[in-house]
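The values are calculated or read from the model by the stated rules, or taken from the named source; none is laboratory data. Nothing here was measured: the structure is a model prediction, and the numbers come from that model. Because the Cβ atoms are built from the backbone with ideal geometry, glycine has one as well, and the counts that use them run over all protein chains shown.
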Amino acid sequence: MQLEIKDLTKTYSNGVRALKGVSLTIPQGMFGLLGPNGAGKSSLMRTIATLQEADGGSARLTGLPEGDLDILTQKDAVRRLLGYLPQEFGVYPRVTAEAMLDHIATLKGIANSKERKEIVQGLLQKVNLYEVRKKNLGTYSGGMKQRFGIAQALIGSPRLIIVDEPTAGLDPAERNRFHNLLSEIGENTIVILSTHIVEDVTNLCSDMAIICLGEVVATGNPNDLVTQLNGKVWQKSVEKSEIDTYRQTHQIISTQLKGGKTRLHAYSEVPLDGFTPVTPDLEDVYFTKITEKMGVMSV
């Protein structure tokens, strides 16, 4: 089973071209979609989730036992196989988690009350909310609401799950719990993790893409993408007042304040005078691809 996206385009009524011929092949497992705010990630996710129309291109789920599905035209069939956790979602503050999940299960077509109860209780245990199942959703912390969001996305045993910026605003402990949950889910389905947090993709995903200005600028295994940068990333600590000068003469991919000075990371296929080599990571890949696409000397 895999998701095949070809030449997907989307332009909004205000003239913003959110997707410019996006093509991706997304296999079963955890797939990371990285990009800055406004890159087109949410537009792509909303299109795949059947929440908005594409202007052109195609998107298909292939390898299903019941046959391939056209996401852009067979929306009802796709929704029966889909779990979706958007970047922002509301909850009914005076409804308990148990009652809300039961209601959502009913909407998903699970008519048998005994079956619904078993599914709801199983999901609440899976996301570690069973002990607070009788509490109103309005009393939940941010992390608890995110775990509730995953629970509702898992109703109906979906084959495709989309999570959009799921760890934004979570504390480290909640983020770690969320990572473990997503990893477990990704063993048996397609999970698309859309985020701007590079570390989330590093920790969770075996395949990924970087999107910028509505276009895919890199795809592949995160480790392979990092390996391609070996010997091409250099660093130097400078005074803040020197940054603009280096930006004019070097391809600076990132800057970070360290010990009162600014640490520059630069991309170059040959050694740079005054710079030392550094072992690259996925963040260096991300910033290199983004700066190349945006045509600027730093991000």
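In region 214-249, how many residues are in a loop (DSSP other than H, G, I, E, B) and out of contact with any Gly (no Cβ under 7 Å at 6 or more places or on another chain)? Break it down stepwise before answering.
Residues of region 214-249 in a loop (DSSP other than H, G, I, E, B): 214, 221, 228-232, 239.
Retained after the next criterion (residues that are out of contact with any Gly (no Cβ under 7 Å at 6 or more places or on another chain)): 221, 228-232, 239.
Residues in region 214-249 being in a loop (DSSP other than H, G, I, E, B) and out of contact with any Gly (no Cβ under 7 Å at 6 or more places or on another chain): 7 in total.
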*Looking at region 143-184, which of its residues are within 24 Å of Lys117 (Cβ to Cβ) and touching an Asp or Glu at 6+ places or on another chain (Cβ under 9 Å)?*
Met144, Gln146, Arg147
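Quick check on region 19-41. Is at least one of its residues within 21 Å of Thr189 (Cβ to Cβ), among the β-branched types (Val, Ile, Thr), crowded, with 16+ Cβ neighbours inside 10 Å and in contact with a Lys or Arg (Cβ under 9 Å, 6 or more places away or on another chain)? Let's see the steps before the verdict.
Filtering region 19-41 for residues within 21 Å of Thr189 (Cβ to Cβ) gives 24-34, 41.
Filter once more, so that each one left must be among the β-branched types (Val, Ile, Thr): 25-26.
Right, trim to crowded, with 16+ Cβ neighbours inside 10 Å and you get 26.
Add one more test, that the residue is in contact with a Lys or Arg (Cβ under 9 Å, 6 or more places away or on another chain), and what stays is none.
Within region 19-41 (the criterion being within 21 Å of Thr189 (Cβ to Cβ), among the β-branched types (Val, Ile, Thr), crowded, with 16+ Cβ neighbours inside 10 Å and in contact with a Lys or Arg (Cβ under 9 Å, 6 or more places away or on another chain)), the answer is no, since none of the residues qualifies.
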*Got at least one residue in region 85-92 being more than 20 Å from Arg147 (Cα to Cα), assigned by TED's automatic domain parsing to the domain that holds Ile155 and not hydrophobic (A, V, I, L, M, F, W, C)?*
no
*State all residues of region 110-130 that are outside any helix (DSSP H, G or I) and more than 25 Å from the chain's Cα centre (by Cα); if no residue qualifies, say none.*
Ile110, Ala111, Asn112
_All positions within region 250-267 that are assigned to a strand (DSSP E or B) and not charged (D, E, K, R)_ = Gln251, Ile252, Ile253, Ser254, Thr255, Gln256, Leu257, Thr262, Leu264, His265, Ala266, Tyr267
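So that you can scan it fast, the table gives a plain yes or no per residue for (1) free of Cβ contacts under 8 Å to residues at least 40 places away in the same chain; (2) touching a helix residue (DSSP H, G or I) at 6+ places or on another chain (Cβ under 9 Å):
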| site | (1), (2) |
| --- | --- |
| Asn136 | no, yes |
| Thr167 | yes, yes |
| Arg175 | yes, yes |
| Glu187 | no, no |
| His196 | no, yes |
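Residues Leu229, Leu160: which one is under 14 Å from the mean Cα position of the chain (by Cα) and within 30 Å of Gly21 (Cβ to Cβ)?
Working: Leu229 fails: under 14 Å from the mean Cα position of the chain (by Cα).
It is Leu160.
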